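Q: This is the structure I have questions about; it appears just below.
The values are calculated or read from the model by the stated rules, or taken from the named source; none is laboratory data. Note that the coordinates shown come from a computational prediction; the quantities given were computed from them, not determined experimentally. Backbone-built Cβ (ideal geometry, glycine too); neighbour counts: all protein chains shown.
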Amino acid sequence: MTSPQETPPEALAGLDGFTIEVPSWAYGNSGTRFKVFTTPGTPRDPFEKIADAARVHALTGLAPRVSLHVPWDRVDDYERLREHAADLGVRIGGINSNLFQDDDYKLGSLTHADARVRAKAVAHHLDCIDVMRATGSTDLKLWLPDGTNYAGQDSLRGRQDRLADSLRRIYEALDPEHRLLVEYKFFEPYFYSMDIPDWGTALLHCQALGERAQVVLDTGHHAPGTNIEFIVMQLLRAGRLGAFDFNSRYYADDDLIVGSADPFQLFRIMVEIVSQDAHLPRSGVNFMLDQCHNIEDKVAGQIRSVLNVEQALAKALLVDTAALDEARLAGDVLGAHDVLMDAFHTDVRGALADRREARGLPRDPMAAYRASGYAAKIAAERVGGTQAGWS
Ligand code: AOS
Ligand code: ZN
Ligand code: ZN
């Protein structure tokens with residue numbers, strides 16, 4: 001049985017080197033199809049998005065990378081953006097393509113029946129690869145929004161074959177140090193079929209492409225009740241879990257703060273991660289957030305998010321694996337369950353605050369952010385011309 005005072009600092013050593021990648025679009029204005037609310041101080045360009053992301057890392061020590069999105073974060077000089085990030089103590093992480101905001105893609109992008117449209121969608125990824133070369137990024141993240149709304153609308157098989165060819169052309173354009181991260185989603189923006197709806201389809205395409213093609217698991221991209229930690233285990237076992245897009249959902253792909261809806265699920269995911277050492281930097285798993293802060297302070301929302309991930313991982317590191325193995329071997333169902341629940345119910349906040357203090361960070365990053373006056377500062381400085389997060 002572990003308890004708050006029994007969280008020895010060495011138990012949290014598994015946090016050393018663990019980092020989370022924050023998305024640029026979390027700092028921009030976003031919303032739903034009903035309304036995009038604006039927030040004073042919202043970044044007006046990618047440089048200001050990175051400045052906000054740098055505050056999250058400065059206060060938590062957890063978030064040294066910022067995902068960019070093309071074209072939302074297009075700039076004339078990516079080298080300058082890269083230097084700007086470095087000056088602020090962070091760096092540019094994955095580059096996200098966009099196949100969902102071009103009229104040509106209404107009936108598909110990489111799967112489209114018209115070879116001209118497919119070539120346009122492939123060319124967009126070659127553009128993203130050029131951006132990667134300028135920013136030093138190694139992850140090209142591809143979420144495929146393609147799908148159909150009606151049975152019979154198109155050949156499900158034909159779309160897979162065209163998709164495989166398009167992905168091959170992108171994969172072959174990668175530099176040796178690059179990875180292609182393929183993200184699945186079971187519905188939206190299409191509702192009868194998605195062309196990469198699930199982890200199995202993403203895995204099949206990645207296996208057909210090669211070792212540097214890996215799956216992205218977005219926690220909001222599953223049907224209600226899905227056992228996500230099982231998928232985590234399976235993709236790790238196949239050596240194909242490239243990245244997470246962490247968020248929380250109640251009903252759909254809600255993109256809420258990770259851990260806010262179901263901290264127990266986040267803990268169970270982390271238990272599978274820790275059981276295969278995938279939390280260690282050498283694993284190559286990129287722990288990214290993919291969230292939109294429609295009504296909450298965006299910087300504070302990202303601070304809360306990375307702290308939630310840190311807390312879930314800290315609890316997972318406390319699982320008494322020897323006792324768990326013993327209970328499992330003995331067929332002690334509740335004994336094994338209790339071992340896991342002991343870790344989940346341990347309050348690790350004090351131990352994490354001690355760890356932050358020992359590393360020269362604020363014990364309470366959220367309180368430090370609120371006391372910093374940063375929100376009021378950017379609201380006063382950034383008047384006019386706020387860039388929506390999603391455009
Ligand atoms: C869309 O639902 C996916 O989660 C994407 O990963 C993300 O929202 C964004 O479009 C980045 O490309
Ligand atoms: Zn995502
Ligand atoms: Zn999503």
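Q: Is it true that some residue in the range 245-257 is away from ligand 1 (no atom under 16 Å from the Cβ) and out of contact with any Asp or Glu (no Cβ under 9 Å at 6 or more places or on another chain)?
A: No, because not a single residue in the range 245-257 is away from ligand 1 (no atom under 16 Å from the Cβ) and out of contact with any Asp or Glu (no Cβ under 9 Å at 6 or more places or on another chain).
Q: Please list, ordered by residue number, the helices (runs of 4 or more DSSP H) wholly in the range 292-391 having 2 or more residues that are within 30 Å of Asp102 (Cα to Cα) and at pLDDT 95 or above.
A: Those helices (runs of 4 or more DSSP H) span 298-317.
Q: Being touching a Gly at 6+ places or on another chain (Cβ under 7 Å) and among the polar types (S, T, N, Q), is that true of even one residue in the range 83-99?
A: no
Q: While we're here: Under the condition of being under 15 Å from Gly108 (Cβ atoms) and more than 15 Å from ligand 1 (Cβ to nearest atom), which residue from the range 185-200 is surrounded by the fewest Cβ atoms within 10 Å (Cβ to Cβ)?
A: Filtering the range 185-200 for residues that are under 15 Å from Gly108 (Cβ atoms) and more than 15 Å from ligand 1 (Cβ to nearest atom), the one surrounded by the fewest Cβ atoms within 10 Å (Cβ to Cβ) comes out as Tyr192.
Q: Cβ-Cβ distance below 8 Å, separation of 6 or more or different chains: which pairs start in the range 291-309 with a residue that is under 15 Å from Arg249 (Cα atoms) and end on one that is of a type in the set (Phe, Trp, Tyr) and surrounded by fewer than 22 Cβ atoms within 10 Å (Cβ to Cβ)?
A: Filtered contacts from the range 291-309: Cys292/Trp390; Asn294/Phe37.
Q: Does His125 satisfy being within 14 Å of ligand 1 (Cβ to nearest atom), assigned to a helix (DSSP H, G or I) and crowded, with 22+ Cβ neighbours inside 10 Å?
A: So His125 fits the description; yes.
Q: Yes or no: the range 119-141 includes at least one residue that is farther than 28 Å from Asp77 by Cβ, within 16 Å of ligand 2 (Cβ to nearest atom) and in contact (Cβ under 8 Å) with a residue 40 or more places away in the chain.
A: Looking for residues that are farther than 28 Å from Asp77 by Cβ, within 16 Å of ligand 2 (Cβ to nearest atom) and in contact (Cβ under 8 Å) with a residue 40 or more places away in the chain, one finds none in the range 119-141, hence no.
Q: Could I ask something else about it? So which of Ala151, Ala208, Ala164 is of a type in the set (Gly, Ala, Ser), loosely packed, with under 15 Cβ neighbours inside 10 Å, assigned to a helix (DSSP H, G or I) and touching a residue at least 12 places away in the same chain (Cβ under 8 Å)?
A: Ala208
Q: Separate question: Name the residues in the range 329-346 that are surrounded by fewer than 14 Cβ atoms within 10 Å (Cβ to Cβ) and either of a type in the set (S, T, N, Q) or more than 15 Å from Gln265 (Cα to Cα) (or both), would you?
A: Leu329, Ala330, Gly331, Val333, Leu334
Q: Within the set of pairs 6+ apart or on separate chains, which have a first residue in the range 244-261 that is within 13 Å of His222 (Cβ to Cβ), a second that is away from ligand 1 (no atom under 13 Å from the Cβ) and of a type in the set (D, E, K, R), and C-beta atoms under 8 Å apart?
A: What qualifies is Ser248/Asp262.
Q: Which of the following residues is more than 30 Å from Ala323 (Cα to Cα), at pLDDT 95 or above and within 15 Å of ligand 1 (Cβ to nearest atom): Leu59, Leu88, Leu81, Leu68?
A: Leu68 is the lone residue from the list that is more than 30 Å from Ala323 (Cα to Cα), at pLDDT 95 or above and within 15 Å of ligand 1 (Cβ to nearest atom).
Q: Here's something else I'd like to know. Among the candidates Met288, Met270, single out the residue that is under 16 Å from the mean Cα position of the chain (by Cα) and over 29 Å from Pro43 (Cα atoms).
A: Met270
Q: Residues to consider are Asp290, Asp297; find the one that is within 16 Å of ligand 2 (Cβ to nearest atom), of a type in the set (D, E, K, R) and within 30 Å of Phe34 (Cα to Cα). Spell out the reasoning first.
A: On the way: Asp297 fails: within 16 Å of ligand 2 (Cβ to nearest atom).
Result: Asp290 is the single residue among Asp290, Asp297 that is within 16 Å of ligand 2 (Cβ to nearest atom), of a type in the set (D, E, K, R) and within 30 Å of Phe34 (Cα to Cα).
Q: Keeping to the range 18-62, report how many residues are more than 22 Å from Thr135 (Cα to Cα) and not aromatic (Phe, Trp, Tyr).
A: 14
Q: Please work out which one of (1) free of Cβ contacts under 8 Å to residues at least 60 places away in the same chain; (2) part of a strand (DSSP E or B) is the condition Leu68 fails and give its number.
A: The failed condition is (1).
Q: Find the residue count for the range 214-226, including only residues that are within 16 Å of ligand 1 (Cβ to nearest atom) and either outside any loop (DSSP other than H, G, I, E, B) or loosely packed, with under 14 Cβ neighbours inside 10 Å (or both).
A: The total comes to 6.
Q: Being surrounded by fewer than 22 Cβ atoms within 10 Å (Cβ to Cβ) and within 16 Å of ligand 3 (Cβ to nearest atom) is the filter; apply it to the range 232-256 and report the residue that is farthest from Glu21 (Cα to Cα).
A: Here the residue is Tyr251.
Q: Filter the range 62-97 down to residues that are surrounded by fewer than 21 Cβ atoms within 10 Å (Cβ to Cβ) and not charged (D, E, K, R), then give me how many there are.
A: Residues meeting the conditions: 9.
Q: One residue is enough: does the range 122-144 have a residue meeting the conditions of a type outside the set (Gly, Ala, Ser), in contact with a Phe, Trp or Tyr (Cβ under 9 Å, 6 or more places away or on another chain) and within 16 Å of ligand 3 (Cβ to nearest atom)?
A: yes
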